[in-house]
Each structure stands twice: as C-alpha cells, then as structure tokens.
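To start, the structure itself, in structure tokens.
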Ligand SMILES: [Zn+2]
C-alpha cells in the first residue's frame, strides 16, 4: 500500500526519526483521472491500477465506476470506488466554474467533504499505541495526515560520508522532488494484461 514506509520510520543507524508518510508514496486519485472516465459514454467500470515504480508489479488496484442515479431528481454526481475486499466508497463530484470559461472537476474528500484536486488511498493512523499505515477511503492530504516530501528539508542531500570524513566543504544539494504516484487506467483487465502488468489474474479475481 505504501512504498518505502518502513524506511521512513527507522534510519540514521536505527535511531528513531519520526513517523511520516509522504503523499508521493501512496496511491493518488486525481480529478483528471476521474474526468477521463466520465467522458466515456459507455459508463463501464474501469480498472485503476497503481504499479510499482520500478517494475510491473501491481501494488494497488480498484474498480471505479460512475454511480447510477437512483432517482430522476437532481442526483448529486458521484463515482463508486471498489476495493479488492469488496467494500465500496462513494466519492462525490463537484464542478467548479473557471474564471476563463469551462469547468474544473473536483473530488469531495470522503472524510471532511471538502472538494479537492486529488485524494489518497492510504494515510497515517494509530492503533492506540503506535502510528500505523492505514487504508484511507480516498481522503484529502490533511485528513490522511500525509506530508509533502519537501517538508522539513527531507529533500536536501548533504555531502557524502567521505567528503565529511576528509573535512571537505560540500554544499547541500536538493534531490528532485518525487512525482505523485499516479495510476494506470484500463477499460478491462484484459487490457491491463496486454500492458504486461503482473498479478493481474489475482486482481481480476478480487475485483
Ligand atoms: Zn479531508
């Protein structure tokens, strides 16, 4: 669910460094992804897959479908996101008029209800004693208690150990900010298989 989360807990030779999960490490669902699905007139469910950054292993997969209105009255537009365990989260959509024309799509956080450009599928929780990684039912960054990689100087790399040993003055360098963990979207599991994603049969069985 979260890449490299454990490495964030213990480092500097095992010294406790503090628990943090950066938003770039967890599955992110952007409004632009949802909008692409809404534009499909077929109204079919889509397979949304977050794969490993370094390979084709599926790390997270959900089924995303436009909700079917239950009445003819002014139904609030929404999508249903189905986890592999069968539970479904309904995310409500907000269209916001832009100053230069057109409308931008926003997604309401399932916890606080505020419209956001992106929501997250994992966050920081606690079990009463320790901080833990928990599943977030598509929540905003604040509700999921996620941080940006750049917060607290986390992206600053200092000079290497040999330079420090020799007493050389090595300037700090900024490492590139990690990209958000964006999903791949498929109209069917077979399309995902064609794309070469591993563990697909398992995902298809559970979704
Ligand atoms: Zn929220």
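The values are calculated or read from the model by the stated rules, or taken from the named source; none is laboratory data. Keep in mind it's a predicted model, so treat the numbers as computed, not measured. When we count neighbours, we look across all protein chains shown, and the Cβ atoms used for this are built from the backbone with ideal geometry, even at glycine.
Just need a number here: residues in region 6-34 that are surrounded by fewer than 14 Cβ atoms within 10 Å (Cβ to Cβ), at pLDDT 50 or above and at negative phi.
The qualifying residues number 1.
Filter region 121-147 down to residues that are part of a loop (DSSP other than H, G, I, E, B) and touching a helix residue (DSSP H, G or I) at 6+ places or on another chain (Cβ under 6 Å) and give me whichever is nearest to the ligand (Cβ to nearest atom).
Here the answer is 141.
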